[in-house]
Amino acid sequence: MSVGEFVERFALVGAWIAVIAVFSVLKPDTFATSSNFAAILGSQAVLVVLTCALLIPLTAGDYDLSITGVLTLSQMMIGILNTRNGISVYVCIVAALLTGALVGLINGAFVVIFGIDSFIVTLGTGTFLGGVVLWISNSETFAGISSQLTGPVVVERFLGVPLAFYYGLALVIVLWYFLEYTSLGRQLLFVGRSRRVARLSGLRVGRLRWGALVASGVIAAAAGVLYAGITGAADPVSGAGFLLPAFAAAFLGATSIVPGRFNPWGSFIAVYFLVTGITGLALFGIQSWLQDMFYGGALVLAVTFSQIARRREEHVSGVREN
Amino acid sequence: MPEHPPVVALTHLSKSFGAVRALHDVDLTVRRGEVHGLLGENGSGKSTLIKILSGFHTPDTGSGLAVNGRPVSFPLHPGKFRSLGMSFVHQDLGLVPSLSVVENLLVGDLASRRRWRLSWPRERRRAAETFASFGLGLDPRAQVADLRPSDRALLAIVRAVQEIRAHTADDGSDYGLLVLDEPTVFLPARDRDQLFVLIRRIAATRASILFVSHDLDEIRGITDRVTVLRDGVVRGTVETARASGEVLVEMIIGRRLQALPIERKRTATGAAVSITGLNGRYARGVSLTVHRGEVVGLTGLLGSGFEEIPYYVFGARRAFAGRLAIDGRTYDLRAMSPSRALEAGVALLPADRHHDGSVGSLSLGDNVTVPALRKYRSRIGLNRRRMRSDARRLLAQFDVRPPDPRSTYQSLSGGNQQKALLAKWLQTKPSLLLLHEPTQGVDIRARQQIFRLTRKAAAGDTAVVCVSTDYDQLAAVCDRVVVFGRGRVGRELTGAEVTKERIAEQCYRVAENPSGRHLDAGGDA
Ligand SMILES: Nc1ncnc2c1ncn2[C@@H]1O[C@H](COP(=O)(O)OP(=O)(O)OP(=O)(O)O)[C@@H](O)[C@H]1O
Ligand SMILES: [Mg+2]
């Protein structure tokens with residue numbers, strides 16, 4: 001590995017450490033506390049899981065903009081079924097995951113069978129789901145989700161950090177292994193880079209794209225479960241705010257660890273880099289609108305950087321063909 | 001022989017793309033252990049037939065296929081070809097440029113086997129061993145985009161050969177089929193010879209070969225039988241040894257081909273375009289003068305740097321030093337860029353047309369009119385109608401088939417893509433036209449057309465540089481040929497010296513002794 005390559009791969013890690021160091025020096029007694037770190041790590045598990053969901057179709061060359069719709073629906077299903085109908089949390093979780101799979105199946109059907117662009121399809125289904133959530137919830141928030149869920153998500157801790165963090169970490173590891181060391185993961189990558197070559201090579205392009213969308217549906221639903229567990233409630237609107245951060249993390253992550261490729265470790269670091277920056281600034285009393293500016297700006301910069309890295313990978317634009 | 005079932009038997013194979021009938025009622029039989037040539041002009045349906053075998057296209061109903069005597073029904077699901085014992089080198093190679101060499105090499109394996117514990121270090125080691133066994137030194141970690149075109153072709157060939165070997169090694173009595181769609185266009189002569197040795201060896205091991213090429217010498221050298229397609233219809237299958245060159249040509253184009261006498265001015269008189277002191281990673285103090293009205297060939301052995309010259313001049317590759325004098329103006333080649341080159345009147349037809357030459361998903365009309373867009377600017381946007389009619393005329397003039405500006409560039413056959421690109425650049429009437437392997441993958445008739453168009457461009461007061469390893473072609477179109485060795489101008493051939501044999505001989509000579517003479521190629525040597 002050359003020096004340049006090393007710098008490129010670990011620049012984001014370095015930036016993260018630098019952000020931590022700066023805030024630790026400036027705010028030693030509010031920022032550099034174990035409770036603050038625990039809060040940072042625990043609070044972002046939802047985003048980590050949601051970004052993992054997004055990475056799978058992105059690797060296969062498709063967008064999934066319905067992930068936050070699925071997240072909100074899943075969270076709301078748990079909220080309603082558990083708090084209002086008193087159904088066991090475990091049953092609720094299974095129902096939520098199945099619903100996520102169903103949304104993925106529907107997305108995939110439009111994308112694969114009818115050949116419609118995934119961006120359009122998932123934008124539509126995502127918006128549709130937003131409407132469904134408002135309808136079934138009557139725009140109300142459902143609080144008081146059973147401790148059977150909140151317990152193993154935020155209440156219980158390991159090394160002082162809520163278990164939610166470890167769920168996200170475990171998913172990152174599993175997804176990283178899947179994409180990097182299994183033939184199926186590499187098949188997705190081929191499909192994402194050139195559908196034509198993938199087909200000529202005998203890959204089942206349609207099935208793979210479809211499967212990727214189902215996987216993102218299920219994992220986005222899992223993110224919804226986690227969100228319900230962390231907040232102990234279900235509200236019909238806040239989930240939508242995760243969409244941009246998830247994309248920012250996915251694209252920023254693609255500039256790091258394995259530059260030029262969407263990868264879970266890069267995204268994991270990106271998520272925590274972004275939230276560390278925001279948390280630190282918040283300690284200076286800077287407003288919450290800053291968060292939007294931070295994520296928005298990071299998304300554009302990340303895409304710019306990954307484009308530069310990608311261009312080095314691809315040399316010419318327009319290599320990704322249909 | 002006939003007591004064994006043929007390896008592949010296609011019957012009544014037809015395929016239409018909308019109104020375009022690419023194949024019509026084709027019967028093709030490949031016998032056990034034979035090398036079967038598939039011939040035909042650009043757009044005659046060869047690649048379409050091959051893509052049907054690979055399951056990429058689904059043929060029209062009524063088409064039949066039997067492999068090793070067993071009927072197989074269409075559509076073939078993806079990857080089916082593998083279990084039938086086929087492997088392919090597609091015309092555009094079927095590589096993903098943004099992925100690594102080892103990943104591309106493994107794609108068949110990744111597609112056909114569920115593997116849950118890939119070890120990349122081990123795969124890279126195996127890949128390196130594989131390449132070594134073929135006498136190649138490809139780096140498994142490299143990006144395919146960074147490889148030279150010849151190495152990309154070799155990678156695709158090695159991949160297909162590996163797959164066919166794996167098949168013939170572990171199966172009972174079934175034969176495999178290795179399909180090579182114009183595998184030689186990117187290969188220098190030495191690799192081509194090696195490939196033929198390899199083909200012979202594979203044909204001796206329970207495998208047959210389907211081989212596509214426009215080069216009749218190659219076809220005669222390697223095939224046992226050939227099938228000729230014209231406009232998607234089989235015009236006959238013959239034993240190669242029994243068919244003379246003229247017979248084959250006549251089957252291919254449907255009439256005799258008159259050799260076109262190419263008139264050339266052996267003494268150049270027009271204003272000069274000159275390159276002086278060009279230095280770069282692959283060029284050492286290259287100076288060249290090309291007169292308007294003449295065609296100068298640049299050649300040498302692979303790696304001798306000649307093929308990089310047009311890219312330096314066009315600004316597609318950074319030069320360390322050098323100047324270009326053209327139309328009374330001088331440009332510093334260090335600061336050259338493609339847009340400045342175009343303004344200066346330089347046009348380049350790159351060899352790697354898939355990546356450098358065009359936008360595959362745009363329409364043909366848009367692709368060919370891009371360099372002349374300024375012409376179509378009217379007060380309200382672009383004059384699309386005139387653009388379209390001009391494009392149509394241009395395509396007809398260059399015999400691009402089909403000459404429909406609305407079809408996408410991607411849907412053209414390989415050779416027609418090349419003709420479309422030539423049309424695109426020649427219409428700009430450049431002062432200096434740089435051609436890199438201009439007849440790569442084009443059929444015999446189009447080859448002659450391109451020769452003629454090249455001469456015509458020169459006659460129309462363009463200075464033409466033709467960069468090629470095709471000595472036949474150089475001998476046919478060039479007034480002068482400059483032979484490179486180790487990035488330097490080695491030797492210049494003029495007048496009666498411009499023959500295929502002399503050029504070939506000098507390429508090797510100069511490679512052995514590149515610093516022998518160091519001359520200004522512009523002067524009368
Ligand atoms: N995807 C497609 N859509 C529309 N037309 C197509 C498509 N693919 C091929 N064609 C058309 O089918 C015909 C046969 O093309 P094909 O690529 O098989 O020719 P070929 O014999 O391989 O020619 P070449 O020697 O130039 O490679 C051409 O007229 C081409 O334009
Ligand atoms: Mg072809």
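Counting only residues that are surrounded by 21 or more Cβ atoms within 10 Å (Cβ to Cβ) and not in a helix (DSSP H, G or I), how many does the range A:164-220 have?
Qualifying residue count, the range A:164-220: 4.
If I filter the range B:95-129 down to residues being free of Cβ contacts under 8 Å to residues at least 24 places away in the same chain and at the interface with another protein chain (Cβ under 7 Å from one of its Cβ atoms), which single residue comes out as nearest to A:SER201 (Cα to Cα)?
Ranking the candidates gives B:LEU110 first.
List the residue pairs whose Cβ atoms are under 8 Å apart, where the first residue sits in the range B:333-350 and is within 18 Å of B:LEU278 (Cβ to Cβ), the second is aromatic (Phe, Trp, Tyr) and exposed (fewer than 15 other Cβ atoms within 10 Å of the Cβ), and the two are 6 or more positions apart or on different chains.
Correct list of pairs: B:ARG334/B:PHE320.
Working only within the range B:16-35, note down all residues that are buried (at least 18 other Cβ atoms within 10 Å of the Cβ) and either of a type in the set (A, V, I, L, M, F, W, C) or within 16 Å of ligand 2 (Cβ to nearest atom) (or both).
Across the range B:16-35, the qualifying residues are B:ALA22, B:LEU23, B:VAL26, B:LEU28, B:VAL30, B:VAL35.
How many residues, within the range B:134-143, are in a loop (DSSP other than H, G, I, E, B), within 20 Å of A:ARG193 (Cα to Cα) and either modelled with pLDDT under 90 or within 14 Å of chain A (Cβ to nearest Cβ) (or both)?
The total comes to 2.
Might you check whether a residue that is touching a Pro at 6+ places or on another chain (Cβ under 7 Å) and not in a loop (DSSP other than H, G, I, E, B) occurs anywhere in the range A:21-36?
no
Cβ-Cβ distance below 6 Å, separation of 6 or more or different chains: which pairs start in the range B:430-441 with a residue that is in the same structural domain as B:TYR311 (by TED's automatic domain parsing) and more than 20 Å from B:THR289 (Cβ to Cβ) and end on one that is in a loop (DSSP other than H, G, I, E, B) and more than 16 Å from ligand 1 (Cβ to nearest atom)?
B:GLU437/B:SER468
Table: residues versus (1) in a loop (DSSP other than H, G, I, E, B); (2) surrounded by fewer than 19 Cβ atoms within 10 Å (Cβ to Cβ); (3) modelled with pLDDT of 85 or more.
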position	(1), (2), (3)
B:ARG334	no, yes, yes
B:LEU373	no, yes, no
B:GLN417	no, no, no
B:LEU433	no, no, yes
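Give the number of residues within the range A:257-308 that are in a loop (DSSP other than H, G, I, E, B) and within 27 Å of A:PHE178 (Cα to Cα).
7
Hey, can you tell me all the residues within the range B:29-53 that are near ligand 1 (Cβ under 8 Å from one of its atoms), under 22 Å from B:GLY221 (Cα atoms) and not in a helix (DSSP H, G or I)?
Scanning the range B:29-53 gives B:GLY40, B:GLU41, B:ASN42.
Each row is one residue, and each column tells you yes or no for (1) over 14 Å from the mean Cα position of the chain (by Cα); (2) of a type in the set (A, V, I, L, M); (3) more than 16 Å from ligand 1 (Cβ to nearest atom).
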{"residue": "B:TYR409", "(1), (2), (3)": "yes, no, no"}
{"residue": "B:GLN417", "(1), (2), (3)": "no, no, no"}
{"residue": "B:ARG452", "(1), (2), (3)": "yes, no, yes"}
{"residue": "B:ALA458", "(1), (2), (3)": "yes, yes, yes"}
{"residue": "B:LEU474", "(1), (2), (3)": "yes, yes, yes"}
{"residue": "B:VAL483", "(1), (2), (3)": "yes, yes, yes"}
{"residue": "B:GLY487", "(1), (2), (3)": "yes, no, yes"}
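In the range B:292-322, which residues are surrounded by 18 or more Cβ atoms within 10 Å (Cβ to Cβ) and more than 28 Å from the chain's Cα centre (by Cα)?
Selection gives B:GLY322 alone.
Given (1) in contact with a Pro (Cβ under 7 Å, 6 or more places away or on another chain); (2) surrounded by fewer than 21 Cβ atoms within 10 Å (Cβ to Cβ), identify the lone condition not met by B:LEU13.
All conditions are met except number (2).
From B:ASP92, B:ASP146, grab the single residue that is in contact with a His (Cβ under 9 Å, 6 or more places away or on another chain), surrounded by fewer than 16 Cβ atoms within 10 Å (Cβ to Cβ) and within 14 Å of chain A (Cβ to nearest Cβ).
Every option except B:ASP146 fails the conditions.
The values are calculated or read from the model by the stated rules, or taken from the named source; none is laboratory data. Small disclaimer: the values here were computed from a predicted structure and weren't measured. FYI the Cβ positions are ideal-geometry reconstructions off the backbone, even for glycines, and counts take in every protein chain you see.
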